[in-house]
Structure formats: C-alpha cells, structure tokens
Amino acid sequence: MKQRDVAIIGGGFAGLMAAIACAKNGKKTSVFLYGSGSFPLNSGLIDILGYDEAHAWVTDPLAAIDDLPAEHPYHAIGKTSIEEAAGFFLKLMEEEGFSYYGSVHEQQTVVTPVGTLKPSCLVPASMQAQDFSGKDILVVGVKGLKDCYPEMIAENLADAVKEAASIRTIEVVPDSIGERDLSILDAARWLEDDGTAAVIRQLAAEDGANRVFLFPQILGVRGSRVCKKLQAAMKGKILETTAMPPSANGLRLRDVLMKAARRMGVEFFENAQVTGFSADGKRCRSIRVTSVHEKDYRAEKFILATGGFYSAGLISDNPGEVYEPIFDLPVACEKDPEKWAADDVFDAQPFMKAGIRTDEMLRPVNEGGAVVFDNVHVIGRELAGYDFCREHSGNGVALASAYKAAMA
C-alpha cells in the first residue's frame with residue numbers, strides 16, 4: 001500500500017491551504033475531495049477578526065486576539081502562527097498573480113452588496129476600497145442582473161461616507177441579453193469571455209481620474225484577469241462589492257489555489273468520501289475511502305478539513321447532540337436544547353461554537369484534555385469555540401489553522 005506523508009480530508013479553503021503549505025514544505029500530499037468545498041459561499045476575503053465581543057469593529061485584529069475567550073482556536077494556534085500564515089498567503093497570492101493586500105495589524109474596508117461598509121483584513125485589489133473623499137463614485141448596474149440594486153447600494157453608501165463623495169448610478173447592457181435574467185455568475189462569465197470590451201466602451205464617456213466605478217461582484221471567475229484588463233483600459237478606479245452567494249471571488253480563489261496545488265504536485269482524489277479509519281492505539285494508520293470501490297489509504301499525518309454543519313463535517317440530528325462522522329472525535333457543544341440557539345437571530349448563537357477541541361498542535365483532545373490521535377490534526381470550521389459568522393473570522397481561522405497543522 002502506497003505511503004504518503006500527508007492525507008488531507010476536505011478540499012475547501014482550509015484543506016487547499018494546508019495542501020499547498022505541506023507541498024511547499026516538501027511533503028508528499030494527497031487531498032480527498034467529496035464535492036467542491038464551500039467556495040461558492042466563501043467571500044474569498046481573509047477576515048482575521050472583524051468584530052469584538054460587543055460587535056464593534058476591531059482596529060488591530062492580531063492585538064485583539066488577546067481579548068478573545070480562552071476556548072477560541074486562535075489561542076491554540078498562537079499569534080506567531082497567525083502572522084506567519086498571513087505572510088505565507090500574501091506571498092502565495094502574489095506568486096500566483098492574484099495579489100491580496102493588507103496586514104494582520106489593520107483592517108481594510110470593503111463595500112457590501114447592499115452598499116454598507118465592513119472590515120476585512122486581507123483583500124484582493126478588486127475589493128480594496130480606498131478613501132472615497134472627493135471622489136465621483138459611479139455604481140454600475142447591469143441590465144437583467146438579478147439580486148443587484150444599484151440605487152440601494154448608492155443610497156446606503158452615501159449614508160456611510162456622508163458628504164465625502166458624489167455617488168450616482170449607471171447601467172451597462174450585455175450584448176444580446178434579450179429578455180433573459182442574469183445571475184452573478186452569468187455576468188461574471190460574460191465579462192470573462194468577451195464582455196469586458198463592451199463595458200469599457202459603454203463607460204468610456206464617464207471615465208476620468210477622479211472616478212470610482214463600483215461594480216457588483218462580476219469581474220470574472222478566474223483570477224484577476226478581468227479586473228486588470230478593465231483597470232488598464234480606464235483612468236478611474238475599478239472596484240467591486242462583496243457578494244451574496246454564489247461568490248465569484250470565492251470561485252476565483254478556488255481556481256487559483258487548485259492550479260497552484262496541482263503544479264506543486266499535490267495529488268487529488270475526486271468524489272472520494274472518507275467513511276472510516278484504522279488505528280494502532282493513538283496513531284491513525286489509514287483512512288477508508290468509498291468511491292467506485294472501498295480502499296484504504298495510508299499516511300504519516302492526517303489533516304481533517306471537512307468543515308462544519310453545512311458540509312457535514314459536523315452532524316446534528318437533534319439540538320444539543322453533535323457528532324463527527326469519520327474519526328468519531330468528541331465534539332464540544334452546548335448540550336441543553338433550550339440553549340442551543342438564541343431567540344434573536346442577530347445575537348451570538350451557542351450552536352455556532354460547536355466543534356472539536358485541540359491541543360496547541362491542533363490534535364483532537366477529549367473532555368479531560370488528553371490527545372485522541374497523535375497524528376491527526378483538525379483545522380477550519382470544525383474547530384470548537386468560535387462564532388465565525390458573528391465575529392468575521394472564518395477564513396482567518398481556516399488559514400491560520402491550515403498553516404499551523406501543515407507545519408506541525
């Protein structure tokens with residue numbers, strides 16, 4: 001039976017980042033995929049920590065980690081690894097031609113799909129909102145584009161920046177649209193193919209050095225090619241909002257990471273559902289994979305990156321009862337069904353903190369703190385003790401834990 005250095009279960013953002021870090025560290029790495037991960041739901045922004053416990057903006061994400069509750073996974077990961085992971089990601093994205101900008105010590109401002117402003121830590125050039133003071137902002141609408149409301153974006157953005165900028169809307173019309181409605185991905189693929197020239201032509205009369213063209217998230221689905229082409233042809237700043245799912249930027253990020261991983265020699269097994277394992281005491285020897293046939297795969301180290309409830313990395317049949325389906329790892333969660341969820345949807349939700357507790361090497365531990373497996377590491381959404389949605393830390397925890405597990 002073939003022996004690999006690292007077997008990674010799951011191909012979402014955390015899994016792919018772990019694979020790339022392992023490969024760059026000289027490890028023979030295999031990734032077992034069952035589906036395409038949650039990239040269509042992923043903003044592609046690296047939010048290290050957007051909001052504190054009082055839900056106020058954090059100004060220095062790395063410094064604010066000291067104030068997080070003791071059970072938060074950032075404490076196990078450590079601030080040094082978080083900073084190293086961010087540097088690793090920024091360098092990788094630059095090498096891949098899909099540059100991100102920012103620092104773990106400051107927030108970038110991005111525009112949401114409804115025109116409000118939110119903090120993020122590391123962002124691609126297409127979403128890095130500059131100081132709007134004195135700018136003439138044109139909110140670009142697309143004829144036939146569903147779930148995009150330029151007037152609402154303009155109104156909310158005007159409220160956010162007050163009198164600092166002039167804001168108005170403008171509409172572009174895709175060629176041969178007919179009566180068909182367009183989704184975000186339809187529009188992004190139109191621009192990816194031949195729509196960029198049409199957009200440049202239709203906006204030319206409004207172009208100028210003081211302009212900001214604010215697009216919905218439609219600037220392609222493969223890397224930064226569309227954004228770079230538009231920016232090269234126009235004097236105004238090209239900018240896009242974040243997006244409601246499906247996320248074009250999430251798909252761009254997946255495209256870049258998959259290509260990078262394959263080029264580094266990472267081995268991918270598609271449609272490979274991991275259903276079990278074999279172990280020798282506290283050491284996992286192999287995982288059982290069901291595809292066309294069942295087969296065991298051996299490795300020196302295993303990284304569990306199967307996500308949370310949405311991707312079935314954690315499963316709950318009843319409130320207060322959660323299990324992990326591959327290694328049957330102990331799951332920490334709120335046991336009282338009456339306290340499982342808050343009445344107000346905007347409050348902190350106890351069930352969101354469900355997950356697997358680990359030691360500082362991200363190895364799973366039981367209720368007494370004893371390590372369950374010496375060579376299994378847990379990363380990403382499966383970790384216990386944080387509400388990624390409320391605090392805006394999802395991709396930050398995924399990135400930092402992936403890097404830490406790869407280096408362990």
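The lone criterion from (1) out of contact with any helix residue (DSSP H, G or I) (no Cβ under 8 Å at 6 or more places or on another chain); (2) at pLDDT below 90 left unmet by D175 is number (1). Taking every residue in segment 219-231 that is closer than 18 Å to S43 by Cα and pairing it with any residue that is of a type in the set (D, E, K, R) and surrounded by fewer than 18 Cβ atoms within 10 Å (Cβ to Cβ), at least 6 positions away or on another chain, the pairs with Cβ-Cβ distances below 6 Å are R222/D255. Sub-6 Å Cβ pairs linking a first residue in segment 162-174 that is within 15 Å of P150 (Cβ to Cβ) and in the same structural domain as P216 (by TED's automatic domain parsing) to a second residue that is among the small types (G, A, S) and not in a strand (DSSP E or B), at least 6 apart or interchain, are I167/A154; I167/A158; T169/A154, ordered by first then second residue. Whether any residue in segment 377-398 is over 24 Å from A85 (Cα atoms), surrounded by 22 or more Cβ atoms within 10 Å (Cβ to Cβ) and touching a strand residue (DSSP E or B) at 6+ places or on another chain (Cβ under 7 Å) is what I want to check. Scanning segment 377-398 turns up no residue that is over 24 Å from A85 (Cα atoms), surrounded by 22 or more Cβ atoms within 10 Å (Cβ to Cβ) and touching a strand residue (DSSP E or B) at 6+ places or on another chain (Cβ under 7 Å). Taking the criterion of being surrounded by 15 or more Cβ atoms within 10 Å (Cβ to Cβ), in contact with a Leu (Cβ under 6 Å, 6 or more places away or on another chain) and over 18 Å from K24 (Cβ atoms), the residues of segment 88-110 that qualify are G102, V104, T109.
Among the residues of this structure, T196 counts as one that is over 20 Å from F39 (Cα atoms), among the hydroxyl-bearing types (S, T, Y), in contact (Cβ under 8 Å) with a residue 24 or more places away in the chain and surrounded by 15 or more Cβ atoms within 10 Å (Cβ to Cβ).
Let's see how each residue does on (1) farther than 19 Å from K301 by Cα; (2) in contact with a Cys (Cβ under 6 Å, 6 or more places away or on another chain); (3) outside any helix (DSSP H, G or I):
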| position | (1), (2), (3) |
| --- | --- |
| V6 | no, yes, yes |
| A19 | no, no, no |
| G35 | yes, no, yes |
| D66 | yes, no, no |
| A70 | yes, no, yes |
| H75 | yes, no, no |
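Would a scan of segment 328-349 turn up a residue that is of a type outside the set (K, R), surrounded by 13 or more Cβ atoms within 10 Å (Cβ to Cβ) and under 22 Å from the mean Cα position of the chain (by Cα)? The answer is yes, given that some residue of segment 328-349 is of a type outside the set (K, R), surrounded by 13 or more Cβ atoms within 10 Å (Cβ to Cβ) and under 22 Å from the mean Cα position of the chain (by Cα). Among the conditions (1) touching a residue at least 60 places away in the same chain (Cβ under 8 Å); (2) over 26 Å from the mean Cα position of the chain (by Cα), V376 misses just one, which is (2). If you filter segment 142-159 down to residues that are within 16 Å of R189 (Cβ to Cβ) and touching a Leu at 6+ places or on another chain (Cβ under 8 Å), you find that the one that is surrounded by the most Cβ atoms within 10 Å (Cβ to Cβ) is V142. Exactly one residue out of G35, G50, G78, G102 is within 24 Å of R222 (Cα to Cα), at pLDDT 95 or above and of a type outside the set (S, T, N, Q), and it is G102.
No other residue among V110, V114, V104 is part of a strand (DSSP E or B) and not small (G, A, S) apart from V110.
Would you be able to tell me the number of residues in segment 317-343 that are small (G, A, S), more than 23 Å from G368 (Cβ to Cβ) and not in a loop (DSSP other than H, G, I, E, B)?
Matching residues across segment 317-343 total 0.
Every condition in (1) of a type in the set (A, V, I, L, M); (2) buried (at least 18 other Cβ atoms within 10 Å of the Cβ); (3) within 21 Å of V226 (Cα to Cα) holds for I167 except the one numbered (3).
Residue-by-condition table, conditions (1) buried (at least 22 other Cβ atoms within 10 Å of the Cβ); (2) in a strand (DSSP E or B); (3) touching a strand residue (DSSP E or B) at 6+ places or on another chain (Cβ under 7 Å); (4) not assigned by TED's automatic domain parsing to the domain that holds V378:
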residue	(1), (2), (3), (4)
Q231	no, no, yes, yes
F277	no, yes, yes, no
I287	yes, yes, yes, no
T306	yes, no, yes, no
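Here M17 clears all of (1) closer than 21 Å to T306 by Cα; (2) at pLDDT below 95 except the condition numbered (2).
The values are calculated or read from the model by the stated rules, or taken from the named source; none is laboratory data. Treat the numbers as computed from the prediction; the structure is a model and nothing was measured. Every residue, glycine among them, receives a Cβ derived from its backbone with ideal geometry; neighbour counts consider all protein chains shown.
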